[in-house]
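Written below as structure tokens is the structure these notes are about.
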Amino acid sequence: MPQLAFVIAAITSAVLTTVFFVKAYSAHLNANAVHYQSMSTLVAEDIAAGNFARVDEALDRIAPGRAAVLNDANQKVAGTLTVKAGKSAEVYPVKFEGRQVGQLVAAPVSSFTPPIPYLLAIAIVLTYGLIGAFFARVYAGLVATYLAQITNIVKNFSVQGPVDYRHENLDFAEFRTLNVAAIRATRRVAREIHELRTSAQYDSRTGLLNEHALNARLEDVLPQVDYAKPAALIVLELSGYATGTQWDTTSPAHAGDKIIAVLKEAIEKTEAQRGLPQGTWSIASLFTDQFAILLHDFGQRDEIASIAREVQNAFRNPIKIEERQVSITVFGSIVLIPEDGDSVTQIRQRAEATILDLKRQGKTGFSFYSPKLERQRDAMRKLEAELRQAVEQDRFVPLFQPKVDLRTGRIFGSEALARWELDSGRLASPSVFIDLAEETGLINAIGEQIMRKACTETAELNLHGHRVSVAVNVSPKQFEREGLSQMILDALAKSGLSPRQLEIEITESLAIQHPERVRSVLKPLRKLGIKLAVDDFGTGHSNLATLTRLDFDVFKIDRQFVAGTPHDRQANAIVDMILSMAKTLEMQIVGEGIETEKQAAFLKAQGCDVGQGYLFSPPVTAEAYRKLVEDQPFLIERLRA
């Protein structure tokens, strides 16, 4: 810094001195020019008159050896000019009465003398440089001191607050401003760091630990546990409050707060009962309705089962939220550490697998992890891979179960039932793959294959003179897909089957729960003549008002009611009720699961239109179904004969 200041000061003073010298030299030249212009004016008249002797005399008197006059031919006509003087001479025009009569060549009257000696000028330049370096050193020292004070404010600042804000008086306003800005900035940074650390560990929605923090605590616990002193991870999923009470953007925020408060109170109460300080066990929020509790400092399996029951009991009674009583269902898993897992990933995966298994079994409450779940999971993964391959290879085919007119015995249609054709040639029933297909979304592709092939086979029968219809089941999951209507229309277009010969079967529960969705999807299809049937009627919570608004064509009486006829009075009453309602609404009735002649006779006597079941035929291949349609073995006239 001082060296740079010296150079800058020296250069500045040198420039100023040079400017001073240049101005002095310029003044010297101007003085000479004025002198000789006056001289040319003095001799102009004599030159014009040709009186060169007087001109010569005047020049020798005024500037001996330093001035001469030239005529128009550049010949000297008066005065003298030495060789030395000629080197620095200047030419001045001589004019008389507006015309040029000659030229005056003259050297400066005197040589230039600097205003101050050159050595003195150099000394001045060096002095200014040294003075500048001195003041620069002093200023640099002040700047370094002030910056050190301000730097220490930032350096000594911790996320808990400032260590010490005291400092010496700052002489410059700029440094005082910088000091204040540094203090404010460090305070702001401290707040932001604190918020970041908090958000990195806590869920902003619930105030509980988040998933990242739970994983970190699991990492800390793993090295500290063994079989004699285990830990445990409880993961619980709460349901039953999703409609109108969930803590999402469409429901009151305090609904979730109330449920979390119940959970925290249950944990704190359990800790207190065991003499543990509050907060010994960690509670984390994983998803909207899923939480985790990391337990340690407990006994063995029986004690953790007791803890889980106490948590479940906290939700046994409905919770009052905005004047509403909300029932909470608990699904929970318990993973012992290290017995059931020795890594965070393994522990979390096994907790999730246990909850899924609990749901598949239709159970609630808590369940301990079991190694058999690993085998089940591996089997499901293998099945899913095979299912995806089968979809790609178009290996799903329909079997056809005939629908028989109970009055005449004629086969007039069928229900297409999905089967998976395995590599061995065997056919797998829907119970093997439907649940997994719906869970993975493959049900849409499978449904498309069944719809396309069922329409194609039925269209071929029509081409051979057998006018039959076909009913195809549509899964509730398929209704979630936007392209369902187009898929059905494509199947009809490719097969050439008339829309009036296609019947779409949906479950009663789908019709009741999502009537608007069903109506919007099927409305354009109904206009084309496609029929709509409600399957398994009477097994759910029937809402006749909703069902009639959907304008069904066919009601199918579930096999569980048909199985009780004609000996079970209650089954008979239910069937009579369904048949009476169908007649009033002018709908066709299909009795499913007919297995005996007595059942068929009872349904026929009560006015049932159509029968379907193993009495007539099990589901058969397209070739076998074609033969049944051609032979018509159930015609009453043929049976009598």
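The values are calculated or read from the model by the stated rules, or taken from the named source; none is laboratory data. Computed from a predicted structure; not experimentally measured. Reconstructed Cβ throughout: ideal geometry from the backbone, glycine too, with neighbour counts over all protein chains shown. Note: accessible area is taken over every heavy atom of the protein model, side chains too, but ligands, DNA and RNA are not part of it. Shrake-Rupley method; radii C 1.70, N 1.55, O 1.52, S 1.80 Å.
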So Arg419 fits all but one of (1) modelled with pLDDT under 95; (2) surrounded by 15 or more Cβ atoms within 10 Å (Cβ to Cβ); what number is the exception?
(1)
Which pairs do you get when a residue that is within 10 Å of Asn444 (Cα to Cα), found in the range 480-495, comes within reach of a residue that is β-branched (Val, Ile, Thr) and open to solvent by less than 60 Å² (accessible area, probe 1.4 Å), reach meaning Cβ atoms under 7 angstrom, with the pair 6+ apart or on two chains?
Leu484/Val521
Filter pass, Thr456 being polar (S, T, N, Q) and modelled with pLDDT under 95:
no
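Filter the range 374-400 down to the residues that are in contact (Cβ under 8 Å) with a residue 12 or more places away in the chain, open to solvent by 10 Å² or more (accessible area, probe 1.4 Å) and on the phi < 0 side of the Ramachandran plot and list them by number.
At the first step, the residues of the range 374-400 found to be in contact (Cβ under 8 Å) with a residue 12 or more places away in the chain are 374, 376-377, 380, 383-384, 387-388, 390-391, 394-400.
Now restrict to residues that are open to solvent by 10 Å² or more (accessible area, probe 1.4 Å): 374, 376-377, 380, 383-384, 388, 391, 394-395, 397-399.
Glu374, Gln376, Arg377, Met380, Leu383, Glu384, Arg388, Val391, Arg395, Val397, Pro398, Leu399 - these are the residues of the range 374-400 that are in contact (Cβ under 8 Å) with a residue 12 or more places away in the chain, open to solvent by 10 Å² or more (accessible area, probe 1.4 Å) and on the phi < 0 side of the Ramachandran plot.
Can you name every residue in the range 554-566 that is open to solvent by 40 Å² or more (accessible area, probe 1.4 Å) and at pLDDT below 90? Can you show your working first?
Residues of the range 554-566 open to solvent by 40 Å² or more (accessible area, probe 1.4 Å): 559-560, 563, 566.
Listed by number, the residues that qualify are Arg559, Gln560.
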Restrict the check to the range 417-435 and report whether at least one residue is touching a Phe, Trp or Tyr at 6+ places or on another chain (Cβ under 7 Å) and on the phi > 0 side of the Ramachandran plot.
no
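Does Ile347 satisfy the criteria of being within 23 Å of Ala213 (Cβ to Cβ), part of a strand (DSSP E or B), β-branched (Val, Ile, Thr) and out of contact with any Lys or Arg (no Cβ under 6 Å at 6 or more places or on another chain)? Write out each step before concluding.
On the way: within 23 Å of Ala213 (Cβ to Cβ): yes; part of a strand (DSSP E or B): no; β-branched (Val, Ile, Thr): yes; out of contact with any Lys or Arg (no Cβ under 6 Å at 6 or more places or on another chain): yes.
For Ile347, the condition - within 23 Å of Ala213 (Cβ to Cβ), part of a strand (DSSP E or B), β-branched (Val, Ile, Thr) and out of contact with any Lys or Arg (no Cβ under 6 Å at 6 or more places or on another chain) - is not met.
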Of the conditions (1) buried (at least 16 other Cβ atoms within 10 Å of the Cβ); (2) under 21 Å from Asp490 (Cα atoms), the single one that Glu438 does not satisfy is (2)
If Val404 satisfies all but one of (1) buried (at least 20 other Cβ atoms within 10 Å of the Cβ); (2) assigned to a helix (DSSP H, G or I), what's the number of the condition it fails?
(2)
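In the range 327-341, which residue that is assigned to a strand (DSSP E or B) and among the small types (Gly, Ala, Ser) is nearest to Glu265 (Cα to Cα)?
The qualifying residue nearest to Glu265 (Cα to Cα) is Gly332.
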Can you give me the number of residues within the range 567-612 that are open to solvent by 30 Å² or more (accessible area, probe 1.4 Å), more than 17 Å from Phe412 (Cα to Cα), out of contact with any Ser or Thr (no Cβ under 7 Å at 6 or more places or on another chain) and assigned to a helix (DSSP H, G or I)?
14
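Residues checked against (1) surrounded by fewer than 21 Cβ atoms within 10 Å (Cβ to Cβ); (2) in contact with a strand residue (DSSP E or B) (Cβ under 6 Å, 6 or more places away or on another chain):
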position	(1), (2)
Ser431	yes, no
Ile443	no, no
Lys453	yes, yes
Ser469	yes, yes
Val472	no, yes
Phe479	yes, no
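Which residues, counting only those in the range 60-79, are open to solvent by less than 80 Å² (accessible area, probe 1.4 Å) and over 11 Å from Leu104 (Cα atoms)? I'd like the intermediate steps shown before the answer.
In the first step, residues of the range 60-79 are kept if they are open to solvent by less than 80 Å² (accessible area, probe 1.4 Å); the result is 60, 62-63, 65-71, 73, 77-79.
Residues satisfying the conditions are Asp60, Ile62, Ala63, Gly65, Ala73.
Which count do you get for residues in the range 492-526 that are in a helix (DSSP H, G or I) and under 37 Å from the mean Cα position of the chain (by Cα)?
Going residue by residue through the range 492-526, those that are in a helix (DSSP H, G or I) are 492-495, 499-501, 508-513, 515-526.
Imposing the further condition that a residue be under 37 Å from the mean Cα position of the chain (by Cα) reduces the set to 509-513, 515-524.
Looking only at that region, the number is 15.
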Residues being modelled with pLDDT under 90 and among the charged types (D, E, K, R) - total across the range 570-594
2
Considering the range 299-326, residues that are open to solvent by 70 Å² or more (accessible area, probe 1.4 Å) and assigned to a loop (DSSP other than H, G, I, E, B), and then whichever is farthest from Trp281 (Cα to Cα), we arrive at Glu323
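Results for (1) charged (D, E, K, R); (2) open to solvent by 60 Å² or more (accessible area, probe 1.4 Å); (3) outside any strand (DSSP E or B); (4) at pLDDT 75 or above, shown as yes or no for each residue.
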{"position": "Gln100", "(1), (2), (3), (4)": "no, yes, no, yes"}
{"position": "Leu126", "(1), (2), (3), (4)": "no, yes, yes, no"}
{"position": "Phe134", "(1), (2), (3), (4)": "no, yes, yes, no"}
{"position": "Gly141", "(1), (2), (3), (4)": "no, no, yes, no"}
{"position": "Thr145", "(1), (2), (3), (4)": "no, yes, yes, no"}
For the range 297-344, which positions are modelled with pLDDT of 85 or more, of a type in the set (Asp, Glu) and more than 21 Å from Gln273 (Cβ to Cβ)?
Glu339, Asp340, Asp342
